[in-house]
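Right, one structure below, let's go through it.
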Amino acid sequence: MSHHIVEVKNLQHTYPDGTIAIKDVSFRITHGESVAIIGANGAGKSTLVQHLNGCLEASSGQIRIGDTLLSKGTLPDIRRTVGMVFQQPDDQLFMPTVFEDVAFGPLNLGLTSDEVVLRVHDALDRVGAGHLSAKPPYHLSGGEKKRVAIASVLAMSPDILVMDEPTSGLDPFARRQLMALLREFHHTKIFTSHDLDMVLDLCQRTIVLHEGLIMADGPTGEIFLNDALLAACRLEKPFSMQGCPVCAGGNR
């Protein structure tokens, strides 16, 4: 499978209650890009990214990963290529111990026991969670669960990493650690996030969703300088671009 592109064409998703969450969305992401998908609550971000490895099935439209059209028949290959980290870690952690959770994917790739052990330890060490290996996931804090969920995807060595709100639930130290890790991941990265400072720091390109539609797609810096766009989509600039309100008011 060629891993060079993620191509979404005319994607639409309608929920069983008739709500249209995604409306005729199209974009193309090339290999190695780091792309943020941002928008206010309810914009359709999580719904959109859950289509990229088949967690949700589109009502219409199509998705290609490289030259491979996403379908029920190609789903196993797609999921080996596209690693998905959900917003809620409990949606991914289901084994008795952290080690078994992180090992689950590599075992299903048919790797040897030695290879699986190496991948598990490497992935846990990369997210600073090696000391959690023997613990049951339900005994972990929210931030620890998030790190283990990320490790479970990294252990699969995906070519494309998709993360829904990766910094939510993380304390400042864990957030910095995650951002450092993501800078080292040189394959394709696609994030949804309300953490717009992370977006500004890590993503060269940003797609803005509003009520299921793409309102803008371009360089991140330009997106965050477009005050009219941000206001129309119920967004604000990253804190680092807002300046000091005290200084702006002329107070000393």
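The values are calculated or read from the model by the stated rules, or taken from the named source; none is laboratory data. Treat the numbers as computed from the prediction; the structure is a model and nothing was measured. Cβ sites come from the backbone with ideal geometry, for glycine too, and all protein chains shown count toward neighbours.
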Exercise. Does the range 129-145 contain at least one residue that is within 15 Å of the chain's Cα centre (by Cα) and crowded, with 23+ Cβ neighbours inside 10 Å?
Worked result: no
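Which of the residues that make up the range 35-46 are in contact with a Leu (Cβ under 9 Å, 6 or more places away or on another chain) and surrounded by fewer than 22 Cβ atoms within 10 Å (Cβ to Cβ)?
So in the range 35-46, the residues in contact with a Leu (Cβ under 9 Å, 6 or more places away or on another chain) come out as 36-40, 43-45.
Passing the criteria: only Ala40.
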Exercise. Could you count how many residues in the range 179-194 are crowded, with 17+ Cβ neighbours inside 10 Å and at pLDDT 90 or above?
Worked result: 6
Problem set entry | Phe104 vs. criteria surrounded by 14 or more Cβ atoms within 10 Å (Cβ to Cβ), out of contact with any strand residue (DSSP E or B) (no Cβ under 6 Å at 6 or more places or on another chain) and over 23 Å from Phe191 (Cα atoms) | yes
Problem set entry | Qualifying positions in the range 160-215 - more than 25 Å from Tyr15 (Cβ to Cβ), β-branched (Val, Ile, Thr), in contact with an Asp or Glu (Cβ under 8 Å, 6 or more places away or on another chain) and in a strand (DSSP E or B) | Thr188, Thr206
Exercise. Does Asp114 satisfy the criteria of being surrounded by fewer than 22 Cβ atoms within 10 Å (Cβ to Cβ), without any contact (Cβ under 8 Å) to a residue 12 or more places away in the chain, out of contact with any helix residue (DSSP H, G or I) (no Cβ under 8 Å at 6 or more places or on another chain) and within 18 Å of Met179 (Cα to Cα)?
Worked result: no
Seminar exercise, completed: Matching residues in the range 1-58 (part of a loop (DSSP other than H, G, I, E, B), farther than 19 Å from Asp195 by Cα and among the aliphatic types (A, V, I, L, M)) number 4
For this session: Would you point out the residue of the range 159-177, among those that are under 12 Å from the mean Cα position of the chain (by Cα) and of a type outside the set (Val, Ile, Thr), that is modelled with the lowest pLDDT?
Result: Ser168
For this session: Just name the residue that is farthest from Ile190 (Cα to Cα) out of those in the range 111-151 that are among the polar types (S, T, N, Q) and in a loop (DSSP other than H, G, I, E, B).
Result: Thr112
Exercise. Within the range 146-178, restricting attention to residues that are of a type in the set (Ser, Thr, Tyr) and surrounded by fewer than 19 Cβ atoms within 10 Å (Cβ to Cβ), which residue is farthest from Val82 (Cα to Cα)?
Worked result: Ser168
